[in-house]
Amino acid sequence: MSFKHSDDIWNDFPELAAGALHVGGIRKEVAVDTQVAHFEAVARARLSERTEGEFPEIQAWRRAFARMGLKPTQYRSASEALLRRFRKEGTLPKIHPIIDLCNAASLAFAIPIAVFDLGKVTGDLEVRPAVGDEIYTTFSGDMEFPEPQEIIFADTSGRAHARRWTNRQSGYSAVREETTAVLIVAEALHAGGEADVRRLIDALREAVGTIWSIDPEVAMLERAARRFDF
């Protein structure tokens with residue numbers, strides 16, 4: 001299996017910085033409270049100084065959404081949506097240890113993180129413009145078809161695992177109790193994004209290694225090395 005961004009994405013968004021973790025051996029019966037609390041404390045400190053809309057990481061994604069023809073305040077990146085909820089409610093709901101960990105890391109770095117159950121992904125996974133006939137399944141089980149040229153995460157079978165790039169993941173490949181292997185993807189568009197994504201991926205790798213006692217496969221995706229094979 002491989003993961004990559006298409007040439008169209010790199011050409012339209014040359015400022016993109018992306019990293020990925022391939023993690024096997026996931027199980028639900030673990031504690032992530034310590035790591036989550038650390039990441040949340042970082043986010044809380046940042047939010048005490050300014051709202052998420054003022055973060056350069058979030059502003060970069062708002063500009064990208066506008067370039068994609070989407071209203072930024074209607075369609076938010078996953079990191080902005082999480083930060084907005086965290087600022088208002090002071091906490092995030094517990095879902096699954098790997099999701100709770102990644103959500104907390106997303107808060108701390110203000111960078112969107114996608115987590116896909118690899119047992120639900122067919123063949124390769126690519127971030128690319130949609131053709132328009134790909135199938136997207138919502139968390140409620142409804143079926144949708146992305147708009148042509150909408151940026152999606154698509155597998156070889158033509159299933160869309162996320163819509164509007166970092167806006168909304170599919171319920172089809174969401175992490176469940178029985179999930180054992182995941183692909184974690186972090187993407188940034190702001191100045192200094194490459195260094196921040198590296199720090200984020202390193203932090204997640206360390207946390208995953210501590211919690212699950214496993215060593216994930218890591219890749220930084222750049223123009224010179226756009227494909228992650230595992």
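Hey, among the residues in the range 105-121 that are hydrophobic (A, V, I, L, M, F, W, C), within 13 Å of the chain's Cα centre (by Cα) and assigned to a helix (DSSP H, G or I), which one's nearest to residue 208 (Cα to Cα)? Give the steps one after another, and end with the answer.
Initial filter on the range 105-121 (hydrophobic (A, V, I, L, M, F, W, C)): 105, 107-111, 113-116, 118, 121.
Next, from what is left, pick out any that are within 13 Å of the chain's Cα centre (by Cα): 105, 107, 109-111, 113-116.
Now narrow it down to the ones that are assigned to a helix (DSSP H, G or I): 105, 107, 109.
Details: 105: 12, 107: 17, 109: 17 Å.
Top of the filtered list is 105.
It is to be established whether one or more residues within the range 48-66 are over 16 Å from the mean Cα position of the chain (by Cα), in a helix (DSSP H, G or I), under 25 Å from residue 206 (Cβ atoms) and of a type in the set (Lys, Arg). Checked the range 48-66: no residue is over 16 Å from the mean Cα position of the chain (by Cα), in a helix (DSSP H, G or I), under 25 Å from residue 206 (Cβ atoms) and of a type in the set (Lys, Arg).
For the range 13-27, filtering for residues that are open to solvent by 60 Å² or more (accessible area, probe 1.4 Å) and either part of a strand (DSSP E or B) or in contact with a Pro (Cβ under 9 Å, 6 or more places away or on another chain) (or both) leaves 1.
Could we say that residue 98 is under 15 Å from residue 166 (Cβ atoms), touching a strand residue (DSSP E or B) at 6+ places or on another chain (Cβ under 9 Å), touching a residue at least 40 places away in the same chain (Cβ under 8 Å) and surrounded by 24 or more Cβ atoms within 10 Å (Cβ to Cβ) here? No, not satisfied. Among (1) among the hydrophobic types (A, V, I, L, M, F, W, C); (2) surrounded by 22 or more Cβ atoms within 10 Å (Cβ to Cβ); (3) touching a Lys or Arg at 6+ places or on another chain (Cβ under 8 Å), where does residue 92 come up short? Condition not satisfied by residue 92: (2). Note on the range 122-230: enclosed strands (runs of 3 or more DSSP E) holding 3 or more residues that are of a type in the set (Val, Ile, Thr) and modelled with pLDDT of 95 or more are 181-188. Being touching a residue at least 40 places away in the same chain (Cβ under 8 Å), among the aliphatic types (A, V, I, L, M) and assigned to a helix (DSSP H, G or I) is not true of residue 30.
Looking at this structure, is residue 94 in a loop (DSSP other than H, G, I, E, B), charged (D, E, K, R) and under 30 Å from residue 25 (Cα atoms)? Considered against the rule, which asks whether it is in a loop (DSSP other than H, G, I, E, B), charged (D, E, K, R) and under 30 Å from residue 25 (Cα atoms), residue 94 comes out as yes. Here the condition is being within 29 Å of residue 29 (Cβ to Cβ), in contact with a strand residue (DSSP E or B) (Cβ under 9 Å, 6 or more places away or on another chain), free of Cβ contacts under 8 Å to residues at least 40 places away in the same chain and open to solvent by 10 Å² or more (accessible area, probe 1.4 Å); of 156, 137, it holds for 137 alone. Against the definition (open to solvent by 40 Å² or more (accessible area, probe 1.4 Å), under 19 Å from residue 7 (Cα atoms) and out of contact with any Pro (no Cβ under 7 Å at 6 or more places or on another chain)), how does residue 199 come out, yes or no? The answer is no for residue 199. Considering the range 107-134, the residues that are touching an Asp or Glu at 6+ places or on another chain (Cβ under 7 Å), buried (at least 24 other Cβ atoms within 10 Å of the Cβ) and aliphatic (A, V, I, L, M) include one that is nearest to residue 188 (Cα to Cα), namely 111. Taking each residue of the range 11-27 that is under 17 Å from residue 60 (Cβ atoms) and looking for partners that are in a helix (DSSP H, G or I) and open to solvent by 10 Å² or more (accessible area, probe 1.4 Å) with beta-carbon atoms closer than 6 Å, six or more apart or interchain, yields 17/194.
Checking 85, 46, 63 one by one, the residue that is out of contact with any Phe, Trp or Tyr (no Cβ under 8 Å at 6 or more places or on another chain), basic (Lys, Arg), open to solvent by 10 Å² or more (accessible area, probe 1.4 Å) and touching a residue at least 12 places away in the same chain (Cβ under 8 Å) is 63 and no other.
Looking at this structure, is residue 107 among the aliphatic types (A, V, I, L, M) and farther than 28 Å from residue 192 by Cα? Spelling it out, it is not the case that residue 107 is among the aliphatic types (A, V, I, L, M) and farther than 28 Å from residue 192 by Cα.
The values are calculated or read from the model by the stated rules, or taken from the named source; none is laboratory data. The structure presented is a predicted model; accordingly, all values stated were derived computationally and were not measured. Cβ: placed from backbone, ideal geometry, glycine included. Neighbour counts: every protein chain shown. Surface accessibility is based on the protein's heavy atoms, side chains included, excluding ligands, DNA and RNA. Shrake-Rupley method; radii C 1.70, N 1.55, O 1.52, S 1.80 Å.
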